Amino acid sequence: MRYKNGVLSAIFGILQQVLTLIFGLIVPRLFIRTFGSEMNGFLSSLASLYSYLALLEAGVGTAAIQALYGPLGRQDKKSINEIMSATAHYYNRAGLLYLIGTIAIAVIYPLTVSTDIPKLTIFIVCILNGLGGVINFWVQGKYTVLLQAEGKKYLMSIVTMIIYITSNLMKVFLLKLGFDVITIYIGYFAITLCQMLFYLVYIKRNYKWLDLHEKENRKALSQSGAVLVQEIARMICHNTDVLVLTYVAKDLASVSVYTVYLMIYSAVERLFSTLFGSFYYLLGQTYNNDRDHYLSMHEKYEAISMTGAFAAYFIAFILTGPFIKIYTAGITDAKYVDPYLPLLFTVMKLLACSREASSRVINFAGHFKQMRWRAILEAAINLIVSVVLVAFLGIYGVLLGTIVAFLWRANDIIIYANKVILQRSAWKTYRRWIINVLWFAVLYFGFRFVSLPIHNMFSFFCWGAVCGIIVCCLFYLELILFDKDAALFLNRTIKKTAKRLIPKRS
């Protein structure tokens, strides 16, 4: 059952991300064509601001998931209830802070941004955007923590997928009928209420033993403050670019260009995180209950996840240019086609994803306090370099600022995880990095001589599928040549999954 939960989480998670990608291609373009690049830039920068408010959940959420791994592995319901009681207490308090933050954003944002969008429109959209987050904290947030720790991300993916499809169909429908952005966001908020009701009913029926009035085990969440600091620093790194372009460069058109490219690479990142993140609960429970077995799992996980990241972003790198030309055809209020942005985004995302295995073992070990100053330094490097370079290089400057910060942080995480926690040399990890970078470079020079006949979305997806299969096979060949044990493990896992999902013929 534990393995099955991971497989189901991966399948439904990937399906969710595919649908997210499809609607992510359709809806932003409709917003740009209907309301202009400035409105799209406003909505994107607003999403970045609310991602910071969502950090109120990050500290307690991550700490609670980590604390629940051990009791769930032992089926210790009393300890689970004690941790969940403490978690519920923190979520209620965070919900109040989120509400205050929502009101503050709604009041301050219209007064500090240079735009032709009416201030009343900005205020109302800010409020509607924030109310969904308030509901998340007060109602469903604590329950999703338990579901994630137990490996039921597949359930969350199904719910999110249904809500996402419904809300986006509603957006498309209202856009086509000519409704304004306020009406669209009222509809979106109404749909999020359905998600809240589902979690309430599901938990009541399937976790009758759950008691949120049990004595709170706040000690289990004692590192939530350290986690929060790291998550704030992480969000600064991931959202600095949009905020610097908004408030320093004061160019919402550039924000729109940035977010169109980010849409592509974030979709790849979500697919990556969904596939590998579906098995975090297995890794976490194993680390907390069988450390020796975990070391073997870590080797395979690192090799497969790193090679997978390089394969995924190489596909994105070679297909971004053709996609942008098709996607932004006819849009002239901003320059979307750029020869350098695909490379910069690829490097940035590779630095973030390829350190995943090392970062994960640090979390499993609970070394949150030890990592605080490192996370803060990463955010500071990102912010300082981005602010300095944006004046000279514009959108390139903010990307280079993030790359510099990620480069330092990737090395720091790799060295710390290997030497301090795994107590071994970091050479194995660096060896995998070197091999993947060289493999990426060789394939890049090979694909330069290939001209893909992509002229519309249909040909893009057809040739994209062909390129994707070829690239995955080539990176799989690399895994066989340089990490044979991981390749054999991947083979066995795929065969085992196929047997479980495909019923035998009688």
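Mind listing just one residue for me: the one in the stretch 99-114 that is crowded, with 16+ Cβ neighbours inside 10 Å and within 24 Å of T183 (Cβ to Cβ) and, of those, modelled with the lowest pLDDT?
Step one: of the stretch 99-114, the residues crowded, with 16+ Cβ neighbours inside 10 Å are 99, 101-102, 105-106, 109-110, 113.
Filter once more, keeping what is within 24 Å of T183 (Cβ to Cβ): 99, 102, 105-106, 109-110, 113.
Numbers: L99: 89, T102: 88, I105: 88, A106: 88, Y109: 84, P110: 84, V113: 75.
Looking at residues that are crowded, with 16+ Cβ neighbours inside 10 Å and within 24 Å of T183 (Cβ to Cβ), I get V113.
Name the residue, out of S305, S296, that is within 18 Å of the chain's Cα centre (by Cα), in a helix (DSSP H, G or I) and within 24 Å of L479 (Cβ to Cβ).
Of the residues listed, the single one that is within 18 Å of the chain's Cα centre (by Cα), in a helix (DSSP H, G or I) and within 24 Å of L479 (Cβ to Cβ) is S305.
Each residue in the stretch 388-402 was checked for being modelled with pLDDT under 90 and surrounded by fewer than 18 Cβ atoms within 10 Å (Cβ to Cβ), and 4 pass. Restricting the stretch 181-221 to residues that are small (G, A, S) and touching a residue at least 12 places away in the same chain (Cβ under 8 Å), the residue that is surrounded by the most Cβ atoms within 10 Å (Cβ to Cβ) is A220.
Residue by residue through the stretch 408-446, note down the ones that are hydrophobic (A, V, I, L, M, F, W, C) and loosely packed, with under 15 Cβ neighbours inside 10 Å.
V420, W427, I434, V437, L438, A441, V442, F445, listed by residue number.
Annotation for the stretch 30-45: no member residue is of a type in the set (D, E), over 20 Å from V244 (Cβ atoms) and in contact (Cβ under 8 Å) with a residue 12 or more places away in the chain. The set of residues in the stretch 144-160 being in a helix (DSSP H, G or I) and touching a residue at least 40 places away in the same chain (Cβ under 8 Å) consists of T144, V145, L146, Q148, A149, K153, Y154, L155, S157, I158, V159, T160. Please verify whether Y265 is touching a Lys or Arg at 6+ places or on another chain (Cβ under 6 Å) and part of a helix (DSSP H, G or I), treating the condition exactly as stated. Against the criterion (touching a Lys or Arg at 6+ places or on another chain (Cβ under 6 Å) and part of a helix (DSSP H, G or I)), Y265 qualifies. For V450, the requirement of being of a type in the set (V, I, T) and part of a helix (DSSP H, G or I) is not met.
If the requirement is being among the hydroxyl-bearing types (S, T, Y) and surrounded by fewer than 22 Cβ atoms within 10 Å (Cβ to Cβ), which of these qualifies: S254, S296?
From the options S254, S296, the qualifying one is S296.
Every residue, every condition in (1) part of a helix (DSSP H, G or I); (2) at pLDDT below 75; (3) not assigned by TED's automatic domain parsing to the domain that holds T346, yes or no:
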| site | (1), (2), (3) |
| --- | --- |
| T166 | yes, no, yes |
| A190 | yes, no, yes |
| Y199 | yes, no, yes |
| Y202 | yes, no, yes |
| K219 | yes, no, yes |
| N239 | yes, yes, no |
| V257 | yes, no, no |
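Among the residues of the stretch 40-55, some residue qualifies, meaning at least one is closer than 30 Å to K335 by Cβ, touching a Cys at 6+ places or on another chain (Cβ under 8 Å) and not assigned by TED's automatic domain parsing to the domain that holds I331. Number of residues in the stretch 321-336 that are assigned to a loop (DSSP other than H, G, I, E, B), closer than 30 Å to L407 by Cα and under 25 Å from the mean Cα position of the chain (by Cα) equals 1. What do you reckon, is S425 in the same structural domain as I315 (by TED's automatic domain parsing), out of contact with any Lys or Arg (no Cβ under 6 Å at 6 or more places or on another chain), on the phi < 0 side of the Ramachandran plot and assigned to a helix (DSSP H, G or I)? The answer is no for S425.
The values are calculated or read from the model by the stated rules, or taken from the named source; none is laboratory data. Predicted model only: the values in this text are computed from it and were never measured. As a convention, Cβ positions derive from the backbone with ideal geometry for all residues, glycine included, and neighbour counts pool all protein chains shown.
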